[in-house]
Amino acid sequence: MRQTALLQILADGKYHSGDRLGKALGISRAAVCKIIHQIEQQTGLDIYAVKGKGYCLSAPLQLLDKQQILEQVSARVKQRLQGMELFASIDSTNRYLNEKLRQGTEAPWLVMAESQLSGQGRRGRQWVSPFACNIYLSLLWRFACGPAQLGCLSLLVAMAVVKTLRKNAIAASVKWPNDIFVNDKKIAGILLEMRGEADGPSLVVIGIGINVAMQMARQKDIEKIDQLWTDVASVTGKSLDRNQLTAELLDALFELLEQLPEQQKVLLQHWQTLDMLYGENVEVCYADRTITGKAMGITEQGALKVHHRDREILCYSGDVSIRRQNKHE
Ligand code: BTN
């Protein structure tokens, strides 16, 4: 709590004396010094300490702010959202929300974090989540129907993320089933965890990570990313306001989720306009075999259609990559 309060004061990038910081937080100067060290260790931020001037961040910081987000979301989001939590640091927003769900929390419920110590990615990967660089959020949603009626949910969520990025002049597309790419590099990822009775209801934790401004991250964190990646700042040349982007994302998600499952097929019809794989030669890898062919969009059930010679193969799972043809092949 005190760490967050202190960071909020330092976020302007200006010098603040230990004395003034102590008074603002109701603690001693020695306690301020201790908290500053803790912040540096936990977040990787550089905080200068200069005699006679005080403490100052190496660069101004824009922190996530619940109030600012709520001021920017649509009335329907504000009305429906049952709860919203923001952590400076957490192991994983998905894990936390799953735990809350077991304890019987209301839905929709939103959890955001400035950093994640064990951010979860798909296929057991880690989602590298450095402090105050990106968006890490999980939204709990309750559907009256059973999971079988929500087979395309993860594809549709990916479409909502892409639309939000495109609204901000970022030429993102979806790589089936739900990876979000710009210029062949991953900019956002989705981890969906669903549970429910066959006849309903279904409860879904929708986890979304968007790389916004990775240049603030520590090199040692960046080195942990084991795939090609990009971020909003590199693509647009500027750093977008994360509070605004979060608000826009929530608007897009609520608009989508409120139409499901009834409108699933209709919404999926727009897939092709956001599809990164359409017409590309692809390789779909399974544990025991690999399928190659031309990606030709998806079925109504969300399966990837791959044309191989005269046959159409439907892929319901698997890891897809584009085969960039070598000139000499
Ligand atoms: C992927 O591998 O593409 C999925 C990445 C999902 C990352 C997000 S960040 C917020 C939420 N909490 C997690 O632990 N993971 C998801």
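None of the figures in this text is laboratory data; all of them are computed from the coordinates on show. Since the model is a prediction, treat every value here as computed from it, not as a measurement. Glycine gets a Cβ as well: all are built from the backbone with ideal geometry, and neighbour counts include every protein chain shown.
Karplus couplings for the range 79-89 from phi (6.51 cos²θ - 1.76 cosθ + 1.60, θ = phi - 60°), rounded to Hz, Gly and Pro as x?
Residue by residue, the range 79-89 yields 5, 7, 4, 8, x, 8, 10, 10, 10, 5, 8 Hz.
Please give me the summed charge of the neighbours of Asp226: other residues whose Cβ is under 12 Å from its Cβ, Lys and Arg +1, Asp and Glu -1.
After counting each charged neighbour, the total is +3.
Mind checking which aspartates and glutamates have their Cα closer than 16 Å to the Cα of Lys220? Skip sequence neighbours fewer than 8 apart in that chain.
Glu40, Asp46
Using only Cα atoms, what is the ratio of the radius of gyration of the chain to 2.2 N^0.38 Å? Could the numbers behind the result be given before it?
Working: Rg = 21.8 Å, N = 329, 2.2 N^0.38 = 19.9 Å.
After normalising by residue count via 2.2 N^0.38 Å, the value is 1.09.
Taking amide hydrogens as modeled 1.01 Å from N in the peptide plane, which residues meet the under 5 Å criterion relative to Leu192, leaving out close sequence neighbours?
Here the answer is Gly207, since their amide H atoms fall under 5 Å of that of Leu192.
Once you have the Cα-Cα distance between Gln82 and Arg20, take 0.36 nm times their residue separation minus that, and quote the gain in nm to one decimal. Please list the in-between numbers first.
Details: separation 62, 0.36 × 62 = 22.32 nm, distance 3.67 nm.
Contour length minus the Cα-Cα distance gives 18.6 nm.
Going 7 Å from the Cα of Glu223 toward and past its Cβ, which residues in the range 121-138 have a backbone nitrogen under 17 Å from where you end up?
Answer for the range 121-138: 128-130.
Within 10 Å of each residue's Cβ, count the other Cβ atoms and sort Lys238, Lys305 from fewest upward.
Starting with the residue having the fewest Cβ neighbours, the order is Lys238, Lys305.
Tell me, Asp231, Asp65, Asp310 in order of fewest to most beta-carbon neighbours within 10 Å?
Asp310, Asp65, Asp231
Once you put a point 7 Å from the Cα of Thr299 and another 7 Å from the Cα of Ala144, both along the Cβ direction, what distance in nm separates them?
Taking the two extended label points, one gets 2.9 nm.
Between His308 and Ala287, what FRET efficiency follows from the Cβ-Cβ distance if R0 is 30 Å, with the result rounded to 0.05?
Efficiency, from the Cβ-Cβ distance: 0.95.
Under 5 Å between amide hydrogens, which residues at least 5 positions from Met84 or on another chain qualify, with H placed 1.01 Å from N in the peptide plane?
Leu110
Given 5 Å bins starting at zero, what is the percent of C-alpha pairs of the range 1-114 in each, up to the one with the largest pair distance?
Final binned percentages: 2, 10, 18, 18, 15, 12, 11, 9, 4, 1, 0.
Between helix 93-102 and the chain, what is the angle of the helix's C-alpha long axis to the longest principal axis, kept within 0 to 90° and rounded to the nearest 10?
Its long axis makes an angle of about 80 degrees.
Sort Cys145, Cys315 so that the residue with the fewest other Cβ atoms within 10 Å of its own Cβ comes first and the one with the most comes last. Can you show the working numbers first?
Working: Cys145 17, Cys315 20.
With the fewest neighbours first, Cys145, Cys315 line up as Cys145, Cys315.
Taking the C-alpha atoms of the range 164-287, how large are the radius of gyration and the largest Cα-Cα span, Dmax, in Å?
16.3, 48
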